[in-house]
Amino acid sequence: MTTPFFNAHHSPIGAFASLTLGMKGPNGGFGLELAGPACEGIYAGVQDREGGNFRSLPFFGHTGTASEDFDVEGLSDIGYQSAMRPFEDSVITRSFGASVDEWKAEDFKFRVFSQVQSIPHPSSPLAKGALCPAIVVQIEVDNRSCLNDRKAFFGYAGSDRASGMRILQAEGLVGVGQGSSIAIASSDPGLTAGLAWQPEAVLAPRLSENLGFMLGSIGMLVGTVPAGKRKTFTFSVGFFRSGTATTGIETRYLYRRWFQNVEEVLRHSLAQAQHTIAECKSFDSKLSEWLSPDRAFMAAHAIRSYYGSTQLLETPVGDPLWVVHEGEYRMMNTFDLTVDQTFFELVMNPWTVRNVLDQFVERYSYESDARFPGRSDLHPGGIAFTHDMGVANNFAPAGRSGYEQAGLTGCFSYMSSEELMNWVLTAGLYVFDTEDWDWAQEQRDVWHKCLASLENRDNPVDIRRNGVMGLDDARCAGGAEITTYDSLDTSLGQARNNVYLAVKGWACYRVLQSVLSRLGDAELSVRANVQADRAASTVLGAKDPDGLLPAVIGEGIEARIIPAIEALVYPYVMGFADDYPQLRQILSRHLDGVLKPGVCLFQDGGWKLSSTSGNSWLSKIYLCQFVSERVLGNRQDVVADKAHRDWLLRDENIFYAWSDQMLEGKAVGSRYYPRGVTSILWLGQGPKTLGDIRTRLGLT
């Protein structure tokens, strides 16, 4: 790592919560349902060996009293002389994995454990342990060479403007928290809890009777490490949201099945802490075993950010709803993220993929017409799916998203065709990985509708179809559809005739051909095969004399893009890798031709998704790297890996943890983001990619 001081998520699964930590100053903290770090001071440290001042990891800012708000004439003597100092940078090291984040400073260690594990279906008796909304923290002090007893501490400065800090009143727990939503606690003997405006007032109080000062904004837990001893303290950080969690669809957090308050969360978490710690260490060892250091770092960072955006809810009748929020934007189950995150979710917990697909069918699908660009007459369209399901705990009305608007040609326009493709591809990945053909049969009518809609959005007349999307959805109302690359120029932003979507559409037809054949719909399977052939022929016919493909087919836009190869991932993972060798060949030649400085490489060797834009998405780069290496047979680009890791660690990027959208290496959007788990594909080797990954992670 270039620097140890970068923010990262430390999150329980499905709680939409995070202890974000790692950047200097009060730039992390305990966040619940936030679009970024909570910006709270975190105190984790130990008393000097001489017994005077206190040293903490540098995650706090200036502290003082707020007594002037009460003591208007300044007569109070409540203040303490500052005795808190950060450890020097030179003595701090950090060991960073997907589950274990460990800081060392001289004889002090601070470890945060956030488990990466498969999520059992909520009906399983094992679900409670996996979905407990808490993480485990340890502090270790090696005081064996010191003659003085020393105090160790862990605490934070709360930032919730609606709730005050408190000391927990729970049998068997020593803890502090803010309101009913966030708390830290331990069951270790000998710890004390205190509240104050200054940490020194808890660490060295004049009178212990004052530790319950409820006006204090800082809460801390303090324990003593005897001279000549090494001691470890174990804490739990718990998150809890009571009552109704969302509007539009009334839900509560599913963990409410087992926990009635944050104290119950903490008690359960501490009871299984040693098991959690062992599982965390095991996962990290497997991840690092199979990946290069640069890739292991990026995958770990991305997995953390993914879990920080996850939310598992249940309806009043007990139906689970799996939601992944879109990082800083907090859009719910954004479909163009879902399709990319599906690889990770199929490895870890396939039932969540089916759950989201069902949600899209039942509430977030719609039927609409389509029109040619510049024309007002309407033609049959068919089924499509919304971009998302709502924003920031507010479910959108049925058939509508929180993002899409009419009359636009850029950001915020409709993504009807791409989201239609995303349902087909996500469903195909799910079915071929799980062999859940009963579910595929239940969705038979949806498969039929998807084929008809894809055909109609190509051309309303069969003999004029070329396998590529050519019409915009009528909901655009004179505007134009866009792709997931919404803030990029026409080379990747325009959906119509885009070579990226052309190959993605080809992959959809291949999925439909195979699925419909398995379902006994031979005639429809043949139709899908015809469209797959047409799409492949259109792409092959678009190449120039150098074998390169234009970003947009037939519209005079000659920009070059890497994601022309992206959709090759789907047939490969689903077992169709030997299909269409000519298409793979031309896409391989295209990639070789564009991966050059000044075309689709930045000066530092990082991948540039479009030759005409400096805007790149890391999650998509990871996906295309997998295609390049596993499908097209190229070697791993270690220079690019180093560049991409360095982007994440640039000073201007470290606040928002893992970020996706990079403008020449600077995070400009899609920050605090979940989609980087496409990196899980790096672990796969053979045609049974997802099964191979499960084996390597010990999940089979």
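So the values come out like this:
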read-out	value
Matching entry among 626, 655 (being assigned to a loop (DSSP other than H, G, I, E, B) and in contact (Cβ under 8 Å) with a residue 24 or more places away in the chain)	655
Criterion (touching a His at 6+ places or on another chain (Cβ under 9 Å) and more than 20 Å from residue 626 (Cβ to Cβ)) met by exactly one of 520, 493, 547	547
Counted residues, the stretch 245-270 - those being over 15 Å from residue 17 (Cα atoms) and touching a Lys or Arg at 6+ places or on another chain (Cβ under 6 Å)	1
Options 496, 527; residue that is among the basic types (Lys, Arg), part of a helix (DSSP H, G or I) and touching a residue at least 60 places away in the same chain (Cβ under 8 Å)	527
Residue in the stretch 665-672 that is closer than 30 Å to residue 26 by Cβ, part of a loop (DSSP other than H, G, I, E, B), over 20 Å from the mean Cα position of the chain (by Cα) and not small (Gly, Ala, Ser) present	no
Residue match in the stretch 430-440 (condition: within 24 Å of residue 531 (Cβ to Cβ), modelled with pLDDT of 95 or more, out of contact with any Cys (no Cβ under 7 Å at 6 or more places or on another chain) and of a type in the set (Val, Ile, Thr))	yes
Top-ranked residue of the stretch 228-262 - restricted to ones that are among the charged types (D, E, K, R) and either touching a His at 6+ places or on another chain (Cβ under 8 Å) or not in a helix (DSSP H, G or I) (or both), ranked as farthest from residue 111 (Cα to Cα)	250
Scan of the stretch 256-283 for residues that are in contact with a Cys (Cβ under 7 Å, 6 or more places away or on another chain) and not aliphatic (A, V, I, L, M), ordered by number	268, 269
Of residues in the stretch 553-577 being within 22 Å of residue 422 (Cα to Cα) and not in a helix (DSSP H, G or I), the one modelled with the lowest pLDDT	577
In the stretch 120-131, the residues that are surrounded by 16 or more Cβ atoms within 10 Å (Cβ to Cβ) and touching a Phe, Trp or Tyr at 6+ places or on another chain (Cβ under 8 Å)	128, 131
The listed residue being aliphatic (A, V, I, L, M), closer than 16 Å to residue 212 by Cα and at pLDDT 95 or above, out of 152, 193	193
Test set (1) in contact (Cβ under 8 Å) with a residue 60 or more places away in the chain; (2) surrounded by fewer than 22 Cβ atoms within 10 Å (Cβ to Cβ) - residue 584 fails condition number	(1)
Single unsatisfied condition, residue 374 versus (1) on the phi > 0 side of the Ramachandran plot; (2) under 18 Å from the mean Cα position of the chain (by Cα); (3) without any contact (Cβ under 8 Å) to a residue 60 or more places away in the chain	(2)
Qualifying residue in the stretch 331-342 (condition: in a loop (DSSP other than H, G, I, E, B) and aliphatic (A, V, I, L, M))	no
Wholly enclosed strands (runs of 3 or more DSSP E) of the stretch 123-206 bearing at least 3 residues within 28 Å of the chain's Cα centre (by Cα)	134-142, 150-157, 182-186
Scope the stretch 438-491; condition among the polar types (S, T, N, Q) and part of a helix (DSSP H, G or I); matching residues	441, 453, 456, 490, 491
Meets criteria (surrounded by fewer than 20 Cβ atoms within 10 Å (Cβ to Cβ), in the same structural domain as residue 524 (by TED's automatic domain parsing) and either of a type in the set (Gly, Ala, Ser) or assigned to a loop (DSSP other than H, G, I, E, B) (or both)) for residue 399	yes
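Residues checked against (1) surrounded by fewer than 19 Cβ atoms within 10 Å (Cβ to Cβ); (2) closer than 30 Å to residue 680 by Cβ; (3) in contact with a strand residue (DSSP E or B) (Cβ under 6 Å, 6 or more places away or on another chain); (4) among the hydroxyl-bearing types (Ser, Thr, Tyr):
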position: 38; (1), (2), (3), (4): no, yes, yes, no
position: 47; (1), (2), (3), (4): no, no, yes, no
position: 51; (1), (2), (3), (4): yes, no, no, no
position: 80; (1), (2), (3), (4): no, no, no, yes
position: 98; (1), (2), (3), (4): no, yes, no, no
position: 106; (1), (2), (3), (4): yes, no, no, no
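Each row is one residue, and each column tells you yes or no for (1) within 30 Å of residue 51 (Cβ to Cβ); (2) without any contact (Cβ under 8 Å) to a residue 40 or more places away in the chain.
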| residue | (1), (2) |
| --- | --- |
| 213 | yes, yes |
| 228 | yes, no |
| 233 | yes, no |
| 238 | no, no |
| 241 | no, no |
| 258 | no, no |
| 263 | no, no |
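Matching residues to (1) within 27 Å of the chain's Cα centre (by Cα); (2) of a type in the set (Lys, Arg); (3) under 25 Å from residue 673 (Cβ atoms):
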site	(1), (2), (3)
13	yes, no, yes
28	yes, no, yes
34	yes, no, yes
51	no, no, no
54	no, no, no
60	yes, no, no
80	no, no, no
106	no, no, no
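The values are calculated or read from the model by the stated rules, or taken from the named source; none is laboratory data. None of the values given here were measured: they were computed from a predicted structure. Don't worry about glycine lacking a Cβ; one is built from the backbone with ideal geometry, like all the others, and counts go over all protein chains shown.
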